[in-house]
Structure formats: structure tokens, C-alpha cells
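Contents: one structure, followed by commentary.
We did not get these values from a lab; they are worked out from the coordinates using the rules stated. Because the structure is a prediction, the values reported are computed rather than measured. Note: ideal-geometry Cβ built from the backbone for every residue, glycine included; neighbour counts use all protein chains shown.
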Amino acid sequence: MCHLILLLPILALPLFWLTPFSFAIPLYFFIVIVSAVIYWLTYRAMHLPIETGSEALHHQVGQVIGYQNGFYQISLNNECWNALSDEVLQPRERVEVNSVHGVTLNVKRISG
């Protein structure tokens, strides 16, 4: 159904065969303008930032809470996450999420 909305200007072309030009031209331009607004809103919606899922965690900044059972404990968005790092991290250091593997984060220290 949504694809028919995208094809609305093409589907409206028979207006020129079925109705007089004085009626078809304004109606067709109205349909084109409505379609352009729908296309613009669709484009904006498709380019919104990711807000949920593991993709939303990439490049987020958290803080090291501690080290337990081979994992760093990271506070990120008011949640506690298990994390791995190639570097030795200390509590209260700020880290950035590189990747997510299941429920484990791969993090790196933020320099500076």
C-alpha cells in the first residue's frame, strides 16, 4: 500500500484523459505537492539517528566502575554493562564503545 502512495503522481496522470484540463491541472499539481511533502517527510524519517538496539550504543561514552570476573563493569546510560578492552582501565576512566557482541561491549579509553 505504501508504494502506491509513492507512485501517486504517476497514478494521477489519467486525470488528463478523464477530466477537462481546467480541472485536471490544479488537481494534478495538488497531488504532486502532497507527494513531495510525503517524500520529504519519508526522507527525514529514514535519516533520523538510531535510538534503540545495539547500533545505538556505538560511540557512546561511559565510565569504568570496576573489574570483576574478567570483565570491566561500565556505567553507560545509567545501566551497568560488561565490557572488554585491549587496554588496562582504571575505575572512573571514561571509555567509548567500539562494538557490541551480545551483551558485552568492546571499549577503548578516551584520551584527554
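Quick look at the values:
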quantity: Residue selected from the range 87-106 under the condition closer than 14 Å to Q63 by Cα and among the β-branched types (V, I, T), by the criterion nearest to the chain's Cα centre (by Cα); calculated: V97
quantity: Cross-chain or 6+ apart pairs with Cβ under 9 Å, the range 25-41 first and at positive phi, then among the polar types (S, T, N, Q) and in a helix (DSSP H, G or I); calculated: none
quantity: Residues that are exposed (fewer than 11 other Cβ atoms within 10 Å of the Cβ) and over 23 Å from E51 (Cα atoms), drawn from the range 68-86; calculated: Q68, N69, G70, D86
quantity: Residue list for the range 32-84, filter: in contact with a Phe, Trp or Tyr (Cβ under 6 Å, 6 or more places away or on another chain) and of a type in the set (S, T, N, Q); calculated: N82
